[in-house]
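Since the structure comes first, as structure tokens, the remarks are kept for the end.
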Amino acid sequence: MPLLCSLPTKKVVAISLLGLQLSFLTILVLLINSNSVFNMKNFGRSSNSLKSAETMRLIFSIGCGVMFGLFIGISFPTSSLTKLNITASIVSSLPIAKDRDNVVSSQNGTDSLIKNQNATDQWKIWVSSNPRGAEKLPPGLVASESDYYLRRLWGNPSEDLPNKPKYLVTFTVGIKQKYNIDACVKKFSDDFTILLFHYDGKTNEWDEFEWSQRAIHISARRQTKWWYAKRFLHPDIVAPYDYIFIWDEDLGVEHFDGMEYIKLVKKHGLEISQPGLDPRKGTTWPMTIRRENSEVHMLSENKSGKRCSDPHLPPCAAFVEIMAPVFSQDAWRCVWHMIQNDLIHGWGLDFALHKCVEPAHEKIGVVDAQWIIHQSVPSLGNEGQAKNGKAAWRGVRERCEKEWLMFQSRAENAQKDYHKSNGIDTSNFTYNPNGMDPSKFISHSSNRV
């Protein structure tokens with residue numbers, strides 16, 4: 001018994017099975033050699049004493065056979081016994097042998113399945129830090145960002161771009177303003193990718209300009225620049241660009257240079273900016289008027305009155321208009337998420353830009369040394385639809401005013417919900433301390449109406 005206990009379980013089972021096989025073999029041999037067992041005729045005529053003697057002899061023979069078989073099974077290594085074919089032809093047909101083969105075969109199959117499953121699991125990939133939907137890919141294969149770089153149809157991909165533009169300029173345009181846009185584009189060097197959003201569906205008509213062959217053209221009729229921006233300027237698409245210009249089509253750029261503007265923005269650490277506006281062409285907000293003998297400014301000179309309830313908040317600071325904003329890559333990632341899909345005119349957005357940078361009154365500013373003229377051409381307003389006796393532009397204007405109120409309401413409710421979820425009392429919360437009425441606002445900003 002100590003010998004059996006010291007052996008592994010599988011070996012004990014093998015030894016026991018082999019011992020039983022040899023026991024049965026020994027018993028069979030003894031029975032064959034015993035004439036009294038198979039000689040039924042003589043056995044039936046014998047006396048009772050003879051029967052008792054033969055019975056004792058048979059029991060003794062069986063016992064000796066069992067002991068002998070077990071002894072042989074324990075004494076020999078299993079590896080040696082498996083090489084012997086003595087019992088193979090005799091015992092293989094016994095039920096116990098078949099059962100043992102089935103058990104061993106099933107065990108081997110299970111072990112093989114587990115090994116294969118473990119090997120398969122070992123090669124599976126799941127990276128939770130990958131972008132949503134790409135968790136099954138190895139990180140080295142994930143391309144989560146893109147760009148607007150034009151590439152060749154031939155050659156080595158690594159040689160497609162001798163120069164990668166660092167900045168992106170977008171204009172939302174109609175064909176009537178093509179010569180003004182031509183003048184604007186020429187103010188930007190090869191370090192700028194040019195992207196045109198065509199709200200009138202006309203793109204081939206721009207082929208007369210050499211630069212148009214290198215520009216990106218996207219067309220969707222009667223859509224605003226904020227509709228385009230939400231759908232085609234996703235932060236992961238414009239990620240290679242340090243700054244993104246999102247401009248209207250009616251800007252005079254005689255006193256503007258793209259690279260000089262970038263230098264000033266970097267120098268003063270502006271995350272959101274715009275060029276100063278020529279005060280002679282009529283402006284809406286004092287904050288965005290160009291100041292002479294100044295490079296940039298972040299605060300309004302006129303801080304009194306109803307509009308400046310807080311000198312560090314819009315429209316007296318941390319404020320630019322939506323006609324010609326310029327965003328850093330980081331600021332745009334925040335602003336893009338704030339643009340509402342259905343509020344396409346962008347009215348009210350300029351009053352919320354300060355939420356995306358801190359401190360906003362130091363990182364949002366107007367560049368005075370590079371200034372523009374807002375021509376206030378009511379082009380997109382004419383793309384509206386006349387209804388109930390109202391002019392086309394009037395319907396567009398009413399939509400703009402409605403969107404401003406809707407945006408303010410959403411922003412206010414979103415902030416209230418957030419603070420409530422953190423256990424903060426919002427009974428005295430006011431999102432719009434200036435109390436401005438959009439219907440009394442004279443537009444000189446995006447989508448002139």
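All of the numbers you see were taken from the coordinates with simple rules; none came from a lab. Quick caveat: nothing in here was measured; it's all calculated off a predicted structure. Don't worry about glycine lacking a Cβ; one is built from the backbone with ideal geometry, like all the others, and counts go over all protein chains shown.
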(message) At a 10 Å Cβ-Cβ cut-off, how would you order His345, His255, His297, fewest neighbours first?
(response) His255, His297, His345
(request) Please list, in chain and number order, the residues 5+ apart from Thr224 or on another chain whose amide H is under 5 Å from its amide H, with Hs placed from the backbone. (result) none
(request) Express the relative contact order of the range 270-364 as a whole percentage, based on alpha carbon pairs under 8 Å and six or more residues apart in sequence. (result) 35
(request) Rounded to whole Hz and in sequence order, give me ³J(HN,Hα) for the range 133-139 from the Karplus expression 6.51 cos²θ - 1.76 cosθ + 1.60, θ = phi - 60°, writing x for Gly and Pro. (result) x, 10, 5, 7, 9, x, x
(message) Compute the distance from the alpha-carbon center of the range 189-233 to that of the range 408-430, in whole Å.
(response) 39
(message) Neighbour counts of other C-beta atoms within 10 Å: give me Leu141, Leu405, Leu153, Leu277 arranged from fewest to most.
(response) Leu153, Leu141, Leu405, Leu277
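Which loop-located GluC sites (Glu not before Pro) does the range 111-162 contain, where loop means any DSSP state but H, G, I, E or B and the Cβ has at most 16 other Cβ atoms within 10 Å?
Within the range 111-162, the qualifying GluC sites (Glu not before Pro) (loop, at most 16 other Cβ atoms within 10 Å) are Glu135, Glu145.
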(message) Normalised radius of gyration for the range 160-440, please: alpha carbon Rg relative to 2.2 N^0.38 Å, two decimal places.
(response) 1.01
(request) Name the residues whose placed amide hydrogens come within less than 5 Å of the amide hydrogen of Gly252, ignoring near sequence neighbours (fewer than 5 apart) on the same chain. (result) Ile373, His374, Gln375
(message) Compute the distance from the alpha-carbon center of the range 165-182 to that of the range 288-330, in whole Å.
(response) 25
(request) Work out how much length Asn293 to Glu254 would gain on full extension: take 0.36 nm times their residue separation and subtract the Cα-Cα distance, in nm to one decimal. (result) 12.3 nm
(request) Kindly write out, for the range 381-390 in residue order, the coupling ³J(HN,Hα) from the Karplus curve 6.51 cos²θ - 1.76 cosθ + 1.60 (θ = phi - 60°), rounded to whole Hz, with x marking Gly and Pro. (result) x, 6, 7, x, 10, 5, 8, 6, x, 8
(message) Explain nothing, just the number: dipole magnitude of the range 160-440 about its Cα centre with +1 on each Lys and Arg Cβ and -1 on each Asp and Glu Cβ, in debye rounded to the nearest 20.
(response) 780
(request) Using the number of other C-beta atoms within 10 angstrom as an exposure proxy, rank Met298, Met338, Met287 with the fewest first. (result) Met338, Met298, Met287
(request) Provide the gained length on full extension for the span Asn422 to Lys186, in nm with one decimal, where the gain is 0.36 nm per separating residue minus the Cα-Cα distance. (result) 79.8 nm
(request) Starting at the first residue of the range 316-328, write each ³J(HN,Hα) from the Karplus equation 6.51 cos²θ - 1.76 cosθ + 1.60 with θ = phi - 60°, in whole Hz, x for Gly and Pro. (result) 9, 6, 6, 9, 9, 7, 8, 6, 8, x, 10, 10, 6
